[in-house]
Amino acid sequence: MTDLRAEAPPSGTTFDQLDHLESEAIHIIREVVGELERPVILFSGGKDSVVLLHLAAKAFWPGKVPFPVMHVDTGHNFEEVLAFRDRTVERLGIRLVVASVQDYIDDGRLAERADGTRNPLQTQPLLDAITEHRFDAVFGGARRDEEKSRAKERVVSLRDAFGAWDPRNQRPELWSIYNPRHRPGEHVRVFPLSNWTELDVWRYIEREGIELPPLYYAHEREVFARDGMWLAVTPHSLPRPREEVVTRRVRYRTVGDASCTGAVLSEAATTAEVIVEVASTTVTERGATRADDRLSEAAMEDRKKEGYF
C-alpha cells in the first residue's frame, strides 16, 4: 500500500476523475464519523471493501482507523480471501468483528437452503451484529453501477428498527449534504463508493498500488460450467452428474460465497491487463458472476428490503 497522506496537489495542478472520487469518499467518511458514535466498515476482503478501507485509512492518517471492520462470513468463502482479510486487519491494527452464518446454522437459528447458496442467509447475522455492537453507521462498498436496486440507493441510506430499507423513504442529498441522523433503534448504511464504477475502482487500485486477493487475477483453476457461469470446485461447490470438471485460466470479478460466485475466463494477470479487460466489458460483475442475483428479477432489492447489504 502506498503513502496514505491525502495531500493537496501543487498549485496549478488539476484534479482528475480519481482525485474527485477519492476526495468525495473521504469527505463522506469523515462527515459520518463526525456525526455518529459507533461506525463500522463491512470488510470481506473483496476489492470494493479493500478500496473502502484504504480510503478510511487515508481519511484518518497518520492515526489508525478509529473504528472496527465487520465481515459476515457465510462459511463458504474462498480460503485465499479469508487469509487476505486477516493479514490486512493485522497490518492496519484494526479490530475485526465476524458474524458467522455457520454459527446460526449450527444452533438452528437458520437452515441451509435447498440450492446450497448462503448469501441470502447473511441478513440475520448482520442485523444481530449491528444490534449487539450498537453500530449506528455501517459503511459498505456498494456502487450504483453494480445492480439496479443499488442504483436507487442514496449515499446515506436509512434503515428502520428492523434493518429494512424502504426505497420510497430516502432523503435528498443536494449539494453533497448528507443526513445520517436517525431515531433510536435505527441505523444508516453509508456507501462512499456510490459514484464509482468498476473501472474507476481498478484504476484507483493501480494508482494507489493496493494489494488484492490473488483470485482477482488470472490463474489456473478447476471449474465446471453451470447456468452460464464457471464455478470453482470447492468443498462448497461440487459438480453435479454430467457437469464436467475442466482446468481453465480464470479470474474473479467479485468474490463472495463460493457456491454462487462464478469466475470468468481471462488472461489478465496484472492490474493493467484487468483494466483493459474491464473497459471492454458490457456486463457488470454481479450480472456476470453472481447466481444469487439471478433468483428473480428483483432478487437484490427483495434482500435489501429485509436488511441485506
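The values are calculated or read from the model by the stated rules, or taken from the named source; none is laboratory data. All values derive from a computational prediction rather than experimental measurement. In this analysis, Cβ positions are derived from the backbone assuming ideal geometry, glycine residues included, and neighbour counts consider all displayed protein chains. To get the accessible areas, we keep the full protein, side chains included, count just its heavy atoms, and leave off ligands, DNA and RNA. Shrake-Rupley method; radii C 1.70, N 1.55, O 1.52, S 1.80 Å.
Take Glu153 and decide whether it is surrounded by 15 or more Cβ atoms within 10 Å (Cβ to Cβ) and touching a residue at least 12 places away in the same chain (Cβ under 8 Å). Considered against the rule, which asks whether it is surrounded by 15 or more Cβ atoms within 10 Å (Cβ to Cβ) and touching a residue at least 12 places away in the same chain (Cβ under 8 Å), Glu153 comes out as yes.
Scanning the stretch 83-123 for residues that are in contact with a Gly (Cβ under 7 Å, 6 or more places away or on another chain) and in a loop (DSSP other than H, G, I, E, B) returns a single hit, Arg118.
Within the stretch 112-163, the residues that satisfy the criterion of being basic (Lys, Arg) and touching a Phe, Trp or Tyr at 6+ places or on another chain (Cβ under 9 Å) are Arg143, Arg144, Arg150, Arg154, Arg159. If you go through the stretch 40-71 and pick out every residue that is in a strand (DSSP E or B) and either hydroxyl-bearing (Ser, Thr, Tyr) or at pLDDT below 95 (or both), you end up with 0.
For Glu206, the conditions (1) under 18 Å from Ser49 (Cα atoms); (2) not in a helix (DSSP H, G or I) all hold with the exception of (2).
Given Arg168, Arg207, Arg226, which one is surrounded by fewer than 19 Cβ atoms within 10 Å (Cβ to Cβ), more than 22 Å from Val33 (Cβ to Cβ) and within 22 Å of the chain's Cα centre (by Cα)?
Details: Arg168 fails: within 22 Å of the chain's Cα centre (by Cα); Arg226 fails: within 22 Å of the chain's Cα centre (by Cα).
Going through Arg168, Arg207, Arg226 in turn, the sole match is Arg207.
The residues in the stretch 234-260 that are under 15 Å from Phe224 (Cβ atoms), at pLDDT below 95 and in a strand (DSSP E or B) can be counted, and the count is 2. Restricting attention to the stretch 100-156, which residues are among the hydrophobic types (A, V, I, L, M, F, W, C), modelled with pLDDT under 90 and more than 23 Å from Leu193 (Cα to Cα)? Selection gives Ala114 alone. Of the numbered conditions (1) basic (Lys, Arg); (2) open to solvent by 20 Å² or more (accessible area, probe 1.4 Å); (3) under 30 Å from Tyr217 (Cα atoms); (4) modelled with pLDDT of 95 or more, Arg30 satisfies every one except a single condition; which is it? So Arg30 meets the others, but not (3).
State whether the residues of the stretch 124-134 include one that is touching a Pro at 6+ places or on another chain (Cβ under 9 Å) and either assigned to a loop (DSSP other than H, G, I, E, B) or open to solvent by 10 Å² or more (accessible area, probe 1.4 Å) (or both). Before the answer, list the steps.
Our first condition is that a residue be touching a Pro at 6+ places or on another chain (Cβ under 9 Å); within the stretch 124-134, this holds for 133.
Right, trim to either assigned to a loop (DSSP other than H, G, I, E, B) or open to solvent by 10 Å² or more (accessible area, probe 1.4 Å) (or both) and you get 133.
Yes - at least one qualifying residue is present in the stretch 124-134.
Could you pull out the residue among Glu306, Glu267, Glu301 that is open to solvent by 70 Å² or more (accessible area, probe 1.4 Å), in contact with a helix residue (DSSP H, G or I) (Cβ under 8 Å, 6 or more places away or on another chain) and at pLDDT below 90?
Details: Glu267 fails: at pLDDT below 90; Glu301 fails: open to solvent by 70 Å² or more (accessible area, probe 1.4 Å).
Selected residue: Glu306, the only one of Glu306, Glu267, Glu301 that is open to solvent by 70 Å² or more (accessible area, probe 1.4 Å), in contact with a helix residue (DSSP H, G or I) (Cβ under 8 Å, 6 or more places away or on another chain) and at pLDDT below 90.
Taking the criterion of being touching a strand residue (DSSP E or B) at 6+ places or on another chain (Cβ under 8 Å) and of a type outside the set (Asp, Glu), the residues of the stretch 212-224 that qualify are Leu215, Tyr216, Tyr217, Ala218, His219, Arg221, Val223, Phe224.
Annotation note: Cβ proximity below 7 Å between a residue of the stretch 157-172 that is part of a strand (DSSP E or B) and a residue that is open to solvent by 60 Å² or more (accessible area, probe 1.4 Å) and of a type in the set (Gly, Ala, Ser) (sequence gap 6+ or interchain) occurs for no pair. For the stretch 230-264, filtering for residues that are over 30 Å from Lys58 (Cα atoms), touching a residue at least 40 places away in the same chain (Cβ under 8 Å) and open to solvent by 10 Å² or more (accessible area, probe 1.4 Å) leaves 3.
Within the stretch 63-77, can you find the residues that are of a type outside the set (Lys, Arg), touching a residue at least 24 places away in the same chain (Cβ under 8 Å) and either within 16 Å of Val138 (Cα to Cα) or out of contact with any helix residue (DSSP H, G or I) (no Cβ under 6 Å at 6 or more places or on another chain) (or both)? Quick ask: steps written out before the conclusion?
Keep residues of the stretch 63-77 that are of a type outside the set (Lys, Arg), which gives 63, 65-77.
With touching a residue at least 24 places away in the same chain (Cβ under 8 Å) added as a condition, the list becomes 65-77.
Result: Val65, Pro66, Phe67, Pro68, Val69, Met70, His71, Val72, Asp73, His76, Asn77.
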